[in-house]
Structures are given as C-alpha cells and as structure tokens.
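Working notes, structure below.
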Amino acid sequence: MAVTIKSIYQPLTNNSAIALAQRLQLFEEGAALTSREIGDGNLNLVFHIVDEKTHKGVIIKQALPYAKVVGESWPLTLKRATIESNSLLINGNYVQELVPKVYYSDEALAVTVMEDLSHLQISRAGLIEGKSFPLLPEHIGTYLARTLFYTSDFALEPKKRKELTQKFTNPDLCKITEDLVFTDPFFDINTNNYEEELQKDVELIWEDQVLKLEVAKLKYKFLTQAEALLHGDLHTGSIFASATQTKVIDPEFAFYGPIGFDIGQFIANLLLNAISREESTQQPLFDYIDRTWVVFRSTFTELWENDSLEVYTQVEGFLEHLLNQTFEDMIGFAGCELIRRTIGLAHVADLDGISSDHKRLQAKRHALTLGKQLINNRSIIKETQQLKQYFNKTLAY
Ligand code: SR1
Ligand code: MG
C-alpha cells in the first residue's frame, strides 16, 4: 500500500523518528522499536531505528537548518537532504552494491530513510584502530570510475547532462567547500582552528604567494569545471566498510565539478591516516592509494572504450590527456585537503586523536608540508608511487 505523509519541517526526536518509521510501514505492525540518535558528523541528525525482536534496522537521516558543528549561528539549506537522496538514487544505478538503498525521502522534512549499515564500520574509525580493509581501494576505485564516467558528457546526451547539472546545483554546500577547503586555511580568517604552537607554520602558509597562486588555480577549477556528478565530500568518514563490503554515504555535497576532486579527497584522507601512524604500519595506506588509482584508471578506460556516446572518445590521445589532467588535479586537491584538515575548521580524528602533544604537532607539521609540496609539484608528480617519496621527504622532526 502506498503511504502518503504530509509533513512540515521540524527536527525529529527519537519518538517522532519511530513514529515516522511506523507510518512508513517499514516494520511489522506492533513491532517494539527503539531509536538512538547516532549522528557524529558536522551537519545532520541520524537516527538508528531497530526492531528489538528481529534486530532489523533502518536509518533516518535528517538535515538540520544549521551546521551542527558550529550551531544555529550558521544557517544551512535543508535542500541538501534532497540532493543527498537524489545522488544516492542516481549512483544506485551505476554502483548499486556500493551505496545504501534509499527507502523513502521527504523534501519538506529534509529526511532520507535508508538501509541500516551498522554491521559495517566508518572506515576512518577502522583505519585509526589499525584495521585493514583489503577491498576498500578496489571498491572506491570502481565507485569513482563508474559514478564519474556515467554522469559525464562521455556517457550522457548533452541535454540530459545539463539537466542533471541543474538538478545538482548546490551553491550553499559548495560555498562551504570553497571557503573551508580552498580559501580560509590560506588566509587569516576566524574559522581556522589550530594549536598556538602552529602559529608560525600557519603564517608561513598565509605569506606564501607561490602556494596561494596554485591554490587559486585549484579553487577556480572547483568553481567552474562541471565535468561529472561528484560526491563532493569523499573523506574516509563518508565510507562504511568491512573486510568484504564498502558503502559510500553522505553525498549531500554532490554537484557537477572536476573529476579529480573526489579522488583527491579520498587519497588525502588515507595520507592523513598514514601520517598518524608509526612508520612500520604505514605501507598499507600507500598500497591502497596505488590500487585506488589503478582501479579507477582501468575501469574508467574500459567504460570509455565500451560505453561512450561522445565521438571524440575515439580520438587517439584524448583519454590519456583526460587521465593525466585528472591525476594532476587529484594531487593538487589532495594537498588542499591535507592543509584544511590540519588548520581549518573541520579536523580529522586521525591527527587530533594523537595523544602525545609532541607527536601530534609533528604529525600536523608533516601534513602541512606534504600538502604544500603536493599543491606546488602536482604537475611533475606522475605516479602514485611518488607520493611515498614526498611523504618521507616532508617528515617533520
Ligand atoms: C561546516 S561543515 C564542515 C565539514 O564537514 C563536512 O563533512 C565537510 O567536509 C565540511 O567541509
Ligand atoms: Mg558528511
């Protein structure tokens, strides 16, 4: 039976989240349901509703009209919930096994009801514990190649691609990235957040005109290059994983942008985890980065050869040109992510969780120097294997 729900926006509570699950008939009638708010991100409420008898669960995610990480003084559009559910639905066509199933979405309530993934772990948390996720690079390389290829002009009729670009115009969330990733960390702006011991290191960044010119070019690409439908916030906290399964969540920042951005954010977050580790346990992270790029490149190439609508994809050299440009952008975007996660507003537990002050500051200086090197040298870095050399060269003592 189809369920119609008339809604006006108000933040859910555990009780109203249960009532919504009941009205949607997601559980058997009379089932004893419990709800827990488990949102640990910067922006949204997340309710985990469970049937006590069968242990079957669902997730109800609701956007708040402000950024939770800052408070009500930072208003934020509720439209991001619709962007998120639309992105999950579209990507479900290309990588069904790598995204959560959407059961219901409600624009007015800013709610997405989706598959319970509590049998998996957020990959950032697992990597911090030293767990390995052997299929993560395979899965993320595939996710990136398929979602980016199938939403690009290489696979869509031009009219359809433009309709999608319109549908995923996401100015408020893009502005967060424009500010927090590309602008604020490079200027003396009050959203920045860093230990006072890093003041000199931070000032060196603010004064570095060569670096700022390169970041300006990367920001301009982010602002203008509508190549494919991006996830827009693909850090390791946006990925649930286990030894065998991977699910990419949270695409509320989705928009049409440069293909290298998602890949760059993902590899930067692997580098941040490597920075937080002792040398003896770092290698798996470099292997993940190499493998992600190899899988992305080979899958994208296969789709280009077999599934392309654009006549110029048959021209010798075009694919190589695109992959080289994407690689260069990926390295540059990764550099920006390393810097912003160290001194910008939104940090990562990989670095902030290092309990020794000395080691934490050392790790943060390492992230800043590596970030600068990647941005400045992105056109001469040609292989992911070179990242390890840059990583070792930029160790802070
Ligand atoms: C105010 S939002 C801060 C950060 O959280 C999100 O996950 C994005 O990474 C954003 O930059
Ligand atoms: Mg998020």
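The values are calculated or read from the model by the stated rules, or taken from the named source; none is laboratory data. Remember, predicted model here, so these are calculated numbers, not experimental data. Glycine gets a Cβ as well: all are built from the backbone with ideal geometry, and neighbour counts include every protein chain shown. To get the accessible areas, we keep the full protein, side chains included, count just its heavy atoms, and leave off ligands, DNA and RNA. Shrake-Rupley method; radii C 1.70, N 1.55, O 1.52, S 1.80 Å.
Tabulated values for the structure
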{"read-out": "Accessible surface, the chain, averaged per residue in Å² (probe 1.4 Å)", "value": "45"}
{"read-out": "Exposure of Trp293 as accessible area (Å², to 10), given a probe of 1.4 Å and all protein chains", "value": "20"}
{"read-out": "5 angstrom amide H check on Tyr256, placed H, neighbours 5+ away", "value": "Leu230"}
{"read-out": "Candidate residues Asp352, Asp179: accessible-area rank, largest first, probe 1.4 Å", "value": "Asp352, Asp179"}
{"read-out": "Local net charge near Asp307, Cβ-Cβ under 15 Å (Lys/Arg +1, Asp/Glu -1)", "value": "-2"}
{"read-out": "Cβ-Cβ FRET estimate between Ala396 and Asp307, R0 fixed at 45 Å, reported to 0.05", "value": "0.50"}
{"read-out": "Sum of -39500 (n - 2.57) over DSSP H runs of 4+, divided by residues of the chain (222 nm, nearest 500)", "value": "-15000 deg cm²/dmol"}
{"read-out": "Sum of side-chain charges, Ile259 neighbourhood, beta-carbon under 15 Å (Lys, Arg +1; Asp, Glu -1)", "value": "-2"}
{"read-out": "Of Ile275, Gly264, Ala396, farthest towards positive along the dipole that unit charges on Lys, Arg, Asp, Glu beta carbons give the chain", "value": "Gly264"}
{"read-out": "Solvent exposure ordering (accessible area, 1.4 Å, most first) of Thr169, Thr384", "value": "Thr169, Thr384"}
{"read-out": "Set of aspartates and glutamates near Lys159 by C-alpha distance (under 20 Å), chain-local residues within fewer than 8 positions excluded", "value": "Glu227, Asp307, Glu310"}
{"read-out": "Overall dimensions of segment 77-154 by Cα: Rg and Dmax, Å", "value": "14.6, 41"}
{"read-out": "Positive minus negative residues near Asn170 (Lys, Arg vs Asp, Glu; Cβ under 12 Å)", "value": "-1"}
{"read-out": "Gaussian network model of the chain, springs between alpha carbon atoms under 10 Å - residue of Ile60, Ile122, Ile354 with greatest fluctuation", "value": "Ile354"}
{"read-out": "Across Lys359/Lys388; Lys200/Lys364; Lys160/Lys382; Lys167/Lys217, pairs whose alpha-carbon gap is larger than 23 Å", "value": "Lys160/Lys382; Lys167/Lys217"}
{"read-out": "Value of relative contact order over segment 1-129, rounded to a whole percent, pairs C-alpha under 8 Å and six or more apart", "value": "19"}
{"read-out": "Relative contact order [Cα under 8 Å, 6+ residues apart], segment 244-397, whole percent", "value": "29"}
{"read-out": "Computed over the chain: relative contact order in percent, which uses C-alpha pairs under 8 Å that are six or more apart", "value": "16"}
{"read-out": "Reduced Cα scattering model of the chain, Debye log10 I(q)/I(0), q = 0.08 Å⁻¹", "value": "-0.42"}
{"read-out": "Extension gain from Val210 to Ala32, taking 0.36 nm per residue of separation minus the Cα-Cα distance", "value": "58.0 nm"}
{"read-out": "Whole-percent carbon and sulfur share, accessible surface of the chain, 1.4 Å", "value": "51"}
{"read-out": "Alpha-carbon Debye profile of segment 15-55, log10 I(q)/I(0) at 0.23, 0.24, 0.28 Å⁻¹", "value": "-0.74, -0.78, -0.96"}
